[in-house]
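Below is one structure; the comments refer to it alone.
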Amino acid sequence: MGIKSIFKNTDTRKKILGLCYSIGAIAIFNAVIQFFVYPQMEKKMGAAAFGVALSVLSVIAIANNACGYAAGCARLLGTEKGQTNNGDYNLMLIIMGVICAVIGTVYLYTQDLLSLTSVLLYWLLSFFTMLRYYSETEFKIKADFFRYMIYYVLISVGYILGIFLFKLTDQWMLALLAGEVLCFIYAVIRSKLYRPPFFKITKHFKGIFSSISFLLFSTLLENTTLHADKIVLLAITQDGEVVTTYYIASLVGKVIAMLTTPINAIVLSYLVRYKGALTKKLWSVVVLAVAVGGAAVFAGCLLVSPIVIRILYSESYAAAMPYLVPAILGQVLYFASGVLINTLLRFKGERDQFIFNALYAVEFFVCVAVGTALGGLMGFALAVVLANGIRFAAALIKGYVGKKQLEPAANAD
């Protein structure tokens, strides 16, 4: 069966429209948070405090995003196996949410940010962020990307309203919490994920636990290498302004890299309906498309970044410009390799993805440690380029090795 079977009995116009909805949703969300919310936070908080806030958000991005994505991806893959009982997934979400809350509290303590208010807001923000990644699963399963777009538009509206709460209360986490709560309410109304039975465990729980676990650890490794830059820089330099400088330099590239998880989930939602094999010819087409797309994105980021930085962060423009090229290139390589790895997930399963990401995490931190020790912030930026370049090359090779034709993973758990 050929690749065209993905869209069997599906109107071409509807498919294109759905793709536009999904891309539009992601674009609106990232535009609001990166080009409105974060600049407003930096102006009010200052570069040093904003850098610390970015490191706190990185903890949430690593842990909670991974938990929500793993649970959602496992449910998406489990639809073919009848693993759709809400209680099985809800129990996993509660367990993961509590663990993430504890981890975040410890990090707040290390940054001297521990207070009753900060802990409470962190717990709420981390839990609802995790639910955001899980809740979008319903729209992906049904390929209802119009509601998927509405979902992310509501998050964006909530973020904008949250900025006003932040300015009134000086509690920056409220700016993001407002959006997370708003989209959760929409998910409760429009999806079946939060309907009874809430906590009933079925015979599928063991398989679901296994699938989520492999996806979770694999995604944790991937998210760590994507978001740990701020945490590592703050830990080494103890200077929030350095964190802010690198963030600004990589801003547009980071937006592209952050599209990896939602775009991968969309791609996977189509691939689960593809019953054919991943031939070497098809893999070559995928690699060529990703390479050409990545090159175009890199060129576009180089053109747009100076303009965006000058408008949004004029006071930090001079400090960020020397790091622009390596910062953007590192993020684009991460994005491109992520698309390749997610394609392989459909055919080689969660276990192979976990092993691949574990090896990548090791080489990433080795490169970053050596690079930072030798060259400071510039060494760090170049080390990220090297690490993600190796990741891209490894994913490319992995697609060609083994069987001539890779069949879809029959039992991922």
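The values are calculated or read from the model by the stated rules, or taken from the named source; none is laboratory data. From a predicted model like this one, the values you see are computed outputs, not experimental measurements. Heads up, the Cβs are rebuilt from the backbone with ideal geometry, glycines too, and the neighbour counts pull from every protein chain shown. In case anyone asks, the SASA skips ligands and DNA or RNA and just uses the protein heavy atoms, side chains included. Shrake-Rupley method; radii C 1.70, N 1.55, O 1.52, S 1.80 Å.
With 0.36 nm allotted per residue and the present C-alpha distance subtracted, the Leu114-Ile397 stretch has 97.3 nm of extension available. With a 1.4 Å probe and every protein chain kept in, tell me what percent of the accessible surface of the chain is carbon plus sulfur. C and S atoms contribute 71 percent here.
Fully extending the segment from Ala277 to Arg190 would add 27.8 nm, taking 0.36 nm per residue of separation and subtracting the current Cα-Cα distance.
In terms of the Cα gyration tensor, with a ≥ b ≥ c the square roots of its eigenvalues, is the stretch 271-390 rounded because a/c is under 1.5, prolate because a/b exceeds b/c, or oblate? Taking the square roots of the gyration eigenvalues as a ≥ b ≥ c, the stretch 271-390 is oblate.
Normalised Debye scattering of the stretch 120-160 at q = 0.32 Å⁻¹ gives log10 I(q)/I(0) of -1.05, counting only Cα atoms as equal scatterers and leaving out solvent. Start at zero, step by 10 Å, and the Cα-Cα distances of the stretch 85-243 spread as 10, 29, 39, 18, 4, 0 percent across the bins. Pair-distance distribution P(r) for the chain, from all Cα-Cα distances in 10 Å bins starting at 0: 5, 22, 34, 27, 11, 1, 0 percent. As a length-normalised measure over Cα pairs under 8 Å and 6 or more apart, the relative contact order of the chain settles at 21 percent.
Rounded to the nearest 0.05, what FRET efficiency is calculated for Lys43 and Lys203 with R0 set to 45 Å and r the Cβ-Cβ distance? Efficiency for this residue pair is about 0.25.
Exposure check, 1.4 Å probe, all protein chains in place: Ile311 carries approximately 120 Å² of accessible surface. What are the membrane-span-like helices in the chain by this rule: whole DSSP H runs, Cα extent along the axis at least 20 Å, mean Kyte-Doolittle hydropathy at least 0.0? Counting only whole DSSP H runs, the qualifying helices are 12-32, 47-78, 86-110, 116-135, 145-169, 173-190, 205-237, 280-312, 324-400.
Extension gain for Glu363 to Ile236 (0.36 nm times residue separation, less C-alpha to C-alpha distance): 43.8 nm. Between the beta carbons of Cys20 and Ala299, assuming R0 = 25 Å, the FRET efficiency works out to 0.60 to the nearest 0.05.
Which FRET efficiency value, to the nearest 0.05, do you get for Leu161 and Ser314 by plugging their Cβ-Cβ distance into 1/(1 + (r/R0)^6) with R0 = 25 Å? Write down the numbers at each step before the final one.
Numbers: r = 26 Å, r/R0 = 1.04.
Once the sixth-power term is evaluated, E becomes 0.45.
By a 1.4 Å probe calculation restricted to protein chains, Asp170 has an accessible surface near 100 Å², given to the nearest 10.
Note on exposure: Lys44, Lys192 ranked by accessible area (1.4 Å probe, complete protein assembly) read Lys192, Lys44, with the most exposed listed first.
Could you pull out the pairs from Lys280/Lys398; Lys140/Lys203; Lys81/Lys206; Lys140/Lys281; Lys254/Lys281; Lys142/Lys203 whose alpha carbons sit more than 19 Å apart here? Don't skip to the end; give the middle numbers.
Values: Lys280/Lys398 11 Å; Lys140/Lys203 25 Å; Lys81/Lys206 13 Å; Lys140/Lys281 28 Å; Lys254/Lys281 31 Å; Lys142/Lys203 24 Å.
With Cα atoms farther than 19 Å apart: Lys140/Lys203; Lys140/Lys281; Lys254/Lys281; Lys142/Lys203.
Rounded to the nearest 500 deg cm²/dmol, what is the calculated helix-only ellipticity per residue at 222 nm for the chain, with -39500 (n - 2.57) per DSSP H run of length n ≥ 4? Calculated from helices alone, the mean residue ellipticity at 222 nm is -28000 deg cm²/dmol. Accessible area per residue for the chain is 42 Å², calculated with a 1.4 Å probe on protein heavy atoms, without ligands, DNA or RNA.
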